[in-house]
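Shown next, in structure tokens, is the structure this report addresses.
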Amino acid sequence: MNQRDDGNGGSDNKGLRSREWWDNRETPDMTALYLERYLNYGLTREELQSGRPIIGIAQTGSDLTPCNRHHRRLAERVKEGVRDAGGVALEFPVHPIQETGKRPTAALDRNLAYLGLVEVLYGYPLDGVVLTTGCDKTTPACLMAAATVDLPAVVLSGGPMLNGTYKGKLAGSGAVIWKARELYSAGLIDYEEFMDMAAASAPSEGHCNTMGTALSMNVLAEALGMSLPGSASIPAPYRERAQMAYRTGQASVAAVRNGIRPSRIITREACENAIVATSAIGGSSNCPVHLNAIARHAGVDLSIDDWESGHDVPLLVDCQPAGRFLGEDFHRAGGAPAVLKEALNAGRLHGAALTVNGRTLAENLGDIPDGDRRVIRAWNEPMQERAGFLVLRGNLFESSVLKTSAIDGAFRARYLSNAADPDAFEGRAIVFEGPEDYHARINDPALAIDEDCILVIRNCGPVGYPGSAEVVNMLPPDYLVRRGVTSLPCLGDGRQSGTSGSPSLLNASPEAAAGGGLALLRTGDRLRIDLGRRRADVLLSETELEDRRTAAKPEVPADQTPWQAIYRRSVGQLGSGACLEDAVDFMRIAQRFGVPRHSH
Ligand code: FES
Ligand code: MG
């Protein structure tokens with residue numbers, strides 16, 4: 001690789017990797033080849049050879065990804081910010097990942113988008129990138145890729161939709177679907193009303209307005225230091241969103257000039273900050289999977305057990321599904337900075353962590369006012385004490401997570417009120433082989449499901465589904481729902497929607513289809529869940545389990561696409577981020593390997 005300064009740019013432009021394409025005087029034939037095609041839509045040679053940082057805009061929005069669709073418009077403001085700061089912006093598409101539209105599950109595509117973005121960031125003349133995030137998996141896919149390549153990168157969230165309302169009440173996206181399911185199941189609404197409720201929860205452009213995976217992951221990105229302060233929660237249609245897009249464009253140029261790469265930001269300390277923030281907002285149970293994946297691609301040593309460090313963090317944010325409000329309220333109340341400030345003042349954040357604007361987290365939070373206490377509580381007057389994640393293991397799996405902020409009073413009273421052992425309960429397992437089996441049999445009277453039961457679903461992990469589906473939050477049978485029993489304890493090797501408030505044991509790893517012990521469970525077995533001891537066990541002897549293990553034949557459905565086949569061969573388990581194991585050794589490739597060899 002030749003790093004040269006031919007006098008065109010200032011000294012701070014010497015290291016721009018884009019110049020290896022566009023201004024390498026030692027290989028004029030290659031330079032000509034690279035330049036001519038980028039001139040053909042009106043860029044000039046002077047611009048491309050002026051030593052301006054070239055900023056990619058990784059565009060995740062499209063007609064197929066409505067949650068991020070407005071990023072196509074926001075990108076225009078990003079470009080203006082880049083240009084005003086002295087850079088040149090080049091927008092390019094990222095493989096679409098729409099949480100609600102992609103079958104069998106959007107989670108299958110997180111690693112595909114990741115792989116594609118790595119190739120683009122590494123293989124094209126880019127010096128830095130703005131990552132347009134929003135819908136659930138778009139955020140981790142972008143961050144994983146930026147961490148792998150280690151180009152200066154700034155996250156721009158698209159922001160939540162405006163608040164939804166239905167018949168005068170707040171209707172949160174996702175959350176309203178779970179509610180409508182209950183009402184439909186109980187015979188209280190018909191098909192038309194079901195559709196109306198769903199539509200009412202999505203009143204504008206933007207991602208989910210609940211504290212689901214999208215908003216949680218963007219708060220997490222801000223807590224990591226990868227977006228500008230205050231970016232995460234600005235609703236998509238607000239003017240501040242477009243203003244943030246402009247500033248993010250400017251910041252991306254500064255990040256290139258100042259050498260602020262993801263490897264300087266995504267550190268162990270930053271990940272610990274992200275865990276505290278996720279816990280305090282009552283964040284999605286998908287966050288452990290995604291942060292652990294980001295950390296692995298950044299080369300940060302973070303395990304699922306580290307999520308326990310946030311268990312004693314109080315729930316500060318009164319947003320659905322753990323509380324009442326929605327994204328607009330959260331934003332007006334102060335958003336992520338107000339939450340981070342509470343945590344910082346409580347001594348729970350590493351304030352010296354660097355953020356993407358070159359300032360530390362503590363510096364960014366210096367003059368942030370207290371949040372509106374209706375929505376963002378003070379640390380010592382929380383909605384709930386100790387509201388973070390529990391990590392449970394047992395004789396059927398090595399790890400699973402439980403979001404304790406989802407445990408409500410009714411659940412506590414029913415399952416966690418045994419005076420002798422208030423943290424433990426037992427139940428009869430009802431085992432489903434997947435969502436189709438669940439839907440076919442949940443109302444089967446022969447199962448005799450009652451409040452003593454624990455609903456279990458398997459074959460829903462990364463290998464089994466494939467991709468790991470959001471199906472563990474299973475609604476009880478209709479006859480129980482009509483009696484007011486709207487949730488039973490659930491357990492599974494899949495995930496659940498971040499918009500669901502169901503207190504489930506999720507992400508059991510290893511999954512049944514990868515040889516995990518959930519494959520051995522049978523309907524009628526007794527399970528014991530002990531939150532105090534962080535255990536979830538089937539009450540069977542080791543001999544019985546060994547006999548079942550010998551007889552077990554894990555079944556994996558046929559691959560339906562080439563990507564499914566490749567994914568299944570390489571994917572790891574949810575507990576370690578469900579990364580492509582073939583990819584995790586590739587880190588900081590732009591720094592380690594310079595630029596790729598010439599194309600011709
Ligand atoms: Fe895209 Fe919720 S479905 S953010
Ligand atoms: Mg989802």
Roughly how tilted is helix 28-39, in degrees to the nearest 10 and between 0 and 90, from the longest Cα axis of the chain? 60 degrees
Applying the Karplus parametrisation 6.51 cos²θ - 1.76 cosθ + 1.60 with θ = phi - 60° to the phi angles of the stretch 536-545, what ³J(HN,Hα) value in whole Hz is obtained for each residue in order, glycine and proline being reported as x? 9, 10, 8, 8, 9, 6, 5, 5, 4, 4
Angle between the chain longest axis and helix 175-185 axis [Cα atoms, degrees, rounded to 10]: 30 degrees
What distance in nm separates the simple spin-label points at SER204 and SER541, each placed 7 Å from Cα in the Cβ direction? 6.4 nm
Set LYS169/LYS403; LYS179/LYS553; LYS137/LYS553 screened for pairs whose C-alpha atoms are more than 29 Å apart: LYS179/LYS553; LYS137/LYS553
If each residue's Cβ is checked for other Cβ atoms within 10 Å, how do CYS67, CYS490 rank with the fewest at the top? CYS490, CYS67
For the stretch 176-229, state the average projected area of the convex hull of the C-alpha atoms over all orientations, rounded to one decimal in nm². 4.5 nm²
Please list 3J(HN,Hα) in residue order for the stretch 500-507, calculated via the Karplus relation 6.51 cos²θ - 1.76 cosθ + 1.60 where θ = phi - 60°; whole Hz, with x for glycine and proline. 8, x, 6, x, 10, 8, 10, 6
Read phi for every residue in the stretch 111-123 and hand back ³J(HN,Hα) as whole Hz from Karplus 6.51 cos²θ - 1.76 cosθ + 1.60, θ = phi - 60°, with x for Gly and Pro. 6, 6, 4, 4, 4, x, 5, 4, 4, 5, 4, 7, x
Among GLY283, TRP563, ILE260, flag the residue with its Cα farthest along the positive direction of the charge dipole of the chain, charges on Cβ as +1 for Lys/Arg and -1 for Asp/Glu. ILE260
In nm, spacing of pseudo-spin labels at GLU193 and ASP372 (7 Å Cα→C-beta vector): 3.1 nm
Residues meeting the amide H criterion for ASP525 (H placed from the backbone, H to H distance under 5 Å, 5 or more places apart or on another chain) are ALA429
Aspartates and glutamates within cross-link reach of LYS167: Cα-Cα under 12 Å, excluding same-chain residues under 8 positions apart? GLU193, ASP196
When only Cα pairs under 8 Å and 6 or more residues apart are kept, what is the percent relative contact order across the chain? 14 percent
Along the dipole axis of the chain (charges at Cβ: +1 for Lys and Arg, -1 for Asp and Glu; origin at the Cα centre), the most positive-end residue among ALA590, PHE389, THR27 is THR27
From fewest to most C-beta neighbours within 10 Å, the residues GLU182, GLU99, GLU193 line up as GLU193, GLU182, GLU99
When you take every Cα atom in the chain, what is the radius of gyration, and what is Dmax, the widest Cα pair distance, in Å? 24.5, 82
Listing ARG73, ARG412 from the residue with the fewest other Cβ atoms within 10 Å to the one with the most, what is the order? ARG412, ARG73
Cβ charges +1 (Lys, Arg) and -1 (Asp, Glu), total dipole of the chain, debye: 840 debye
Say R0 is 25 Å: what FRET efficiency, to the nearest 0.05, do TYR41 and SER570 get from their beta-carbon distance? 0.10
Could you pull out every residue, at least 5 positions away or on a different chain, whose amide H is within less than 5 Å of the one on ALA89? Hs are placed 1.01 Å off N in the peptide plane, and Pro or chain starts have none. ILE55
What 222 nm value per residue comes from the helices of the chain, counting each DSSP H run with n ≥ 4 as -39,500 (n - 2.57) and dividing by all residues, nearest 500 deg cm²/dmol? -10000 deg cm²/dmol
Helix 335-345 vs. the chain, principal-axis angle (Cα, 0 to 90°, nearest 10): 80 degrees
Gain in span if fully extended, ALA440 to ASN395, counting 0.36 nm per residue against the direct Cα distance: 13.4 nm
On the formula 1/(1 + (r/R0)^6), with r taken between the Cβ atoms of GLU426 and GLN591 and R0 of 45 Å, the FRET efficiency rounded to 0.05 is 0.30
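Laboratory data are not the source of any read-out in this text; all were calculated from the coordinates shown. Owing to the predicted nature of the structure, the values given are computational and were not obtained by experimental measurement. Note: ideal-geometry Cβ built from the backbone for every residue, glycine included; neighbour counts use all protein chains shown.
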